[in-house]
1. Tally the residues that are touching a Leu at 6+ places or on another chain (Cβ under 8 Å) and modelled with pLDDT of 95 or more, restricting the search to segment 602-620.
2. If you check V464 against the conditions, is it of a type in the set (V, I, T), open to solvent by 20 Å² or more (accessible area, probe 1.4 Å), within 29 Å of M615 (Cβ to Cβ) and at pLDDT 95 or above?
3. Go through segment 209-228 residue by residue and tally those that are within 9 Å of G142 (Cα to Cα) and either assigned to a strand (DSSP E or B) or within 17 Å of the chain's Cα centre (by Cα) (or both).
4. Does G605 meet the test of being in contact with a helix residue (DSSP H, G or I) (Cβ under 8 Å, 6 or more places away or on another chain) and assigned to a helix (DSSP H, G or I)?
5. For E591, which of the numbered conditions (1) in a helix (DSSP H, G or I); (2) in contact with a Ser or Thr (Cβ under 8 Å, 6 or more places away or on another chain) fails to hold?
6. Pick from segment 180-222 the residues that are without any contact (Cβ under 8 Å) to a residue 12 or more places away in the chain and either closer than 17 Å to W237 by Cα or not small (G, A, S) (or both): which of them is most open to solvent (accessible area, probe 1.4 Å)?
7. Just the residues that are over 13 Å from V219 (Cα atoms) and assigned to a loop (DSSP other than H, G, I, E, B), please, taken from segment 91-112.
Amino acid sequence: MDDATTVGWEKANAEAIARLIHLWDEEENQVPSLGRAAERSAGTVKRGPETTDRPMRTDHARTPALVAEDLVKVYAGGTRALDGLRLVIPQGSFFGLIGPNGAGKTTLIGAAAGLVTIPSGHLRVFGRDVVSDSSAARQLLGLAPQEVHLDRFLTTREGLVYHGRYFGMTKKEAQARATELLAVFDLSDKAGVRPNRLSGGMRRRLLIARALMHRPRLVVLDEPTAGVDLELRNELWRYLRRLHQEEDATILLTTHYIEEAETLCERIAFIRGGRIVAEGSPAELRAEYHGRRLEDVYYTLMGRAAGSGSTSATPEAGLEIDACLTTEACQTADIGHEPPVPRSLSLEENPSQDAIESGRGPETIVVRDPVLVQRRGTVALAGREVRRVLSLWTQTILPPVLMALLYLLVFGGALGARVRQLEGVDYLSFIFPGLVVMTVAGQAFANSATSLFQAKYEGHIEDVLSSPIAAWRMTLAYMVGGLVRSGIAATVLIVIAAPFTDPIHEPLLALTSLVLTGVLFAALGVVTGIWAETFDQFSFVANLVIAPLALVAGVFYSVSALSGIWGFLTRLDPIFYLVAAARGGFVGLDEAPVALSLVVGAAVGVGLISLGTWMLARGWRLKP
C-alpha cells in the first residue's frame, strides 16, 4: 500500500491501539517470567504508559548493540534499498525503526541476521562484524522476521529445540529452554502440534519464542504485531516489556503503528529511501519537529524527505553517529540520568565451560566457543535431516526398494531367461550392482535436493541461514539425510535380493563404490536444491540429466559390447565408473580400472561439494 493509505489506516486504528495502553498495568502481572532474575531490572525506570519518554538503560562505555556504517544495497532491477545508511543502536535500549514500505527496514534487519548480502559498508553486532566474525555476531542476535515461515515437518517444541541447537545449545539445555518459552507464550498445550495447525496469532508467538531460544543480546522484531488482533497485540506488548526488563535485552522493533513505537520505544529512528532521516527519543523528536504527537513528526519527516529530495539525517544525529563510529565505545547523548554500573553479559543464565569471552573496555560479552557451536549446530541439522527420512519412511524408503525389485523382476526374470549370462556372470547378478548404484544415486539426490528446495520454497531455510553454522558444514549436514536414506534403501535391497544373486565378491570395494555414489549424488542434490527456482528446473535435473546418464552407464549391458562413438560416450559418463567399481566389488568384473573408477567418483564428488559450499556461502539464489 502507498504512504497515504498506510497513514490513513494507522489513524483509523489509533483509538483502538490507544485503549491497549490503559490495560497494561492491571494485566502485566499475569505474564509469566521470562526466566531471568527480577533483580536484573532493579534501578531501572518503570515502563508504563505514563513513562513514554523514559530514559534508556544504557551506558556511555558500553559497546553499541548495532552499528551500521555506510550500508549500500541495490537489488537486481536497480532498486536501492539502502543508500549509505548509518545507524547506532545503544546497548540496553528499546529502539524503534519507522518508515514507509520499501524504506529499507527489512533489508537492514536481514543484513544484520545474515539473510541479505551487503556489498558495501560495515555492520557490527556488539562489535562483531557480521561478515568476518559471523559466528559470534549471529549468536548475539535473535530474529523474528515479518513473514511467518515455520518448518511444517516439526512440532512446535521440536522447532524450538532444533533452533536452539543450531546456535550451540546442548539438547538438554534446548529442551529446558523450549519448555520455558512455551509456558511464557501460552503454547505449552500446543507443544506437540505442527505449525500448520496453529492459529495465526499462535504462529506469531512461536516465531518470537524461536527468536529468544538461544538468549540473544539483541532481539530484532520485524513488525511483530502486523495483522494480529488487538488482544494478541496487547499480550505481545507486555511480553516485550518484560523481555526488555528481565532479560536485559536490546530490542530493535520495526512497526507501522506509530502509537506502538511511541509507547514501547525509548529511542526511534525514521528511515526513508534507505537512509536515516531523524533519530531521538519521542520527546526529542516531538520537540525538534514541533509535533504534538509522533504521528505529526512522521508526516513532517516523510513529507520533508520527499519534498526536498534529501534523506540525510539531522546534523545532531549525524554528529552522534560519527562519534560512535570513530571510537570503540559508543558515546551516547546524555539524557539526564545516572547510567547503571556495567555488568557482564551472557547468552545463557549460567555461562558454562564451552563459553569464551571477548570485549572492549569495562564490559565482557560472553559467547559460546565457535568451534563447539559449529559442531553442535551441524549435528543438529544433520539429525533433523535423518529424522525427516525416518518419519516419512513410506515415502523415502519403501518406494525405491519396490522400484528396484521391479527392475530385478522384469529385467532379471524376463531378459535373464534369454540372455542367461553376460561376461561369464549370471545376468541377474550382472545387472544387480548397477541397480543398487541407481537406487543409491536416486535416493541420495532426491533427499538432499527436495529438502533444500522445499525449505527455500517455503521460506523456513532462513532459520538455518541465520544460524552460526558454516557453509561447508551446512552442505555436509544436508547430505547426511540423503546418505542415510540411500544407505537404508540399498541395504534392504541387498538383503532381499541375496537369495537370488551371487555372494558379494569384495565387500569393501562394493561398500566404497556405494558410499562414493551416495556422496556424489547427495552433493548434486544440494547444488540442485539451491539452483532450482521452480519445480520444472528441479525435474529437469532428475529427468533430463540423471536418468539419461544412468541409462548409458552400462547398468543393463556390458560396455565391452559397445564400439565407436557409443563406447566413447559411455566412458565420459561418471556414473559408468561408479557402476564399474560396484560391479567389481559385487561380482569381480573389471570393466574399468578400479583406481580410475574411484578417483573419478571422488573427484566429481569433491567438486560438487565445493560448488554447493560456495553457493551456500555466497547465498546464491538464497539471499537477495
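The values are calculated or read from the model by the stated rules, or taken from the named source; none is laboratory data. Everything numeric here is computed off the predicted structure, so don't read it as measured data. Reconstructed Cβ throughout: ideal geometry from the backbone, glycine too, with neighbour counts over all protein chains shown. In case anyone asks, the SASA skips ligands and DNA or RNA and just uses the protein heavy atoms, side chains included. Shrake-Rupley method; radii C 1.70, N 1.55, O 1.52, S 1.80 Å.
1. Counting residues in segment 602-620 that are touching a Leu at 6+ places or on another chain (Cβ under 8 Å) and modelled with pLDDT of 95 or more gives 7.
2. no
3. Qualifying residue count, segment 209-228: 11.
4. yes
5. With (1) in a helix (DSSP H, G or I); (2) in contact with a Ser or Thr (Cβ under 8 Å, 6 or more places away or on another chain) applied to E591, the lone miss is (1).
6. Only one residue tops the list, namely R197.
7. Correct list: G99, P100, N101, G102, A103, G104.
Residue-wise test of (1) open to solvent by less than 10 Å² (accessible area, probe 1.4 Å); (2) out of contact with any Gly (no Cβ under 7 Å at 6 or more places or on another chain); (3) assigned to a helix (DSSP H, G or I); (4) modelled with pLDDT of 90 or more.
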{"residue": "R387", "(1), (2), (3), (4)": "no, yes, yes, yes"}
{"residue": "P399", "(1), (2), (3), (4)": "no, yes, yes, no"}
{"residue": "A404", "(1), (2), (3), (4)": "yes, yes, yes, no"}
{"residue": "A417", "(1), (2), (3), (4)": "no, yes, yes, no"}
{"residue": "L428", "(1), (2), (3), (4)": "no, no, yes, no"}
{"residue": "V437", "(1), (2), (3), (4)": "yes, yes, yes, yes"}
